[in-house]
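Peer 1: Handing you a structure now.
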Amino acid sequence: MSSASTDPHCYFCQVSQRKADPFIFENRSFVGIFDTNPVNPGHALVIPKRHVASIFELNSTEQADYFDAITGVKGVIETTDMAELYQEMVQRDYLQDRPKTHIETVLQLPFLDQKPDAYTVGNNDGREAGRSIDHLHVIVLPRYKGDIADPRGGIRNVIPGRANYQRR
Ligand SMILES: [Zn+2]
């Protein structure tokens, strides 16, 4: 990896250089990690090794490796013992000085030891879409029956109140 392809101040560049969260997956262009602020059990991120902000900036090699990465991470999610994962994560040294509410919350969820029923996959491509770190990170979020009361519309709910629609 050339030094020009990473930014020393970028958290996800540190991740891709193995200086932060442990890898759960790696291919030529991407690494995968479990998010340490999980929304649901198995919440994972797929991160390009190269410092690019947007999915639309991926080059042809990275595009070719993208699907392999998201499906590879899905396979890891489905073979990981979630109780064991989060009991280990909550003990990690580098997380000791920050709130661990998300980890403690998922440890209490009734579907912690179940296989995901569905997935939400995607990224916030731009600050206005909610991206907070300007290095692409694709979210692979396992979904479980009952994790919210009414999942209809899914990702449409990013604009509250305009998600629901009626099909004739
Ligand atoms: Zn970066």
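Peer 1: Loop-only check: which GluC sites (Glu not before Pro) in segment 75-168 are DSSP coil with at most 11 other Cβ within 10 angstrom? It would help to have the intermediate numbers written out before the result.
Peer 2: Details: sites: E78, E84, E88, E104, E128; in loops: E78.
Of the GluC sites (Glu not before Pro), the ones in loops of segment 75-168 whose Cβ has at most 11 other Cβ atoms within 10 Å are E78.
Peer 1: Something else about it: Can you return the aspartates and glutamates within cross-link range of K115? Criterion is Cα-Cα under 15 Å, with same-chain partners fewer than 8 residues away left out.
Peer 2: E78, D81, E84, D147
Peer 1: Of the residues A69, A53, A129, which exhibits the maximal mean-square fluctuation in a Gaussian network model of the chain defined by a 10 Å Cα contact cut-off?
Peer 2: For the chain, modelled as a Gaussian network with Cα springs under 10 Å, the answer is A129.
Peer 1: Summarise the long-distance tail of P(r) for the chain by giving the % of C-alpha pairs beyond 29 Å.
Peer 2: For the chain, the share of Cα pairs beyond 29 Å comes to 22 percent.
Peer 1: Right, something else. Roughly how big is the chain's charge dipole about its Cα centre, with Cβ charges of +1 (Lys, Arg) and -1 (Asp, Glu), in debye to the nearest 20?
Peer 2: 620
Peer 1: Further question: Pull out a ≥ b ≥ c, the square roots of the eigenvalues of the alpha-carbon gyration tensor of segment 78-131, then state rounded if a/c is under 1.5, prolate if not and a/b is larger than b/c, and oblate in the remaining case. Please list the in-between numbers first.
Peer 2: Working: a/c = 2.32, a/b = 1.18, b/c = 1.97.
It is oblate, given that a/c is not under 1.5 and a/b is not larger than b/c.
Peer 1: How would you rank L95, L45, going from fewest to most other Cβ atoms within 10 Å of each one's own Cβ?
Peer 2: With the sparsest Cβ surroundings first, the list reads L95, L45.
Peer 1: At a 10 Å Cβ-Cβ cut-off, how would you order I47, I24, fewest neighbours first?
Peer 2: Fewest to most other Cβ atoms nearby, the residues stand as I24, I47.
Rule-based calculations on the coordinates, nothing more; no lab input. Please read these numbers as outputs of a predicted model, since none were measured by experiment. Don't worry about glycine lacking a Cβ; one is built from the backbone with ideal geometry, like all the others, and counts go over all protein chains shown.
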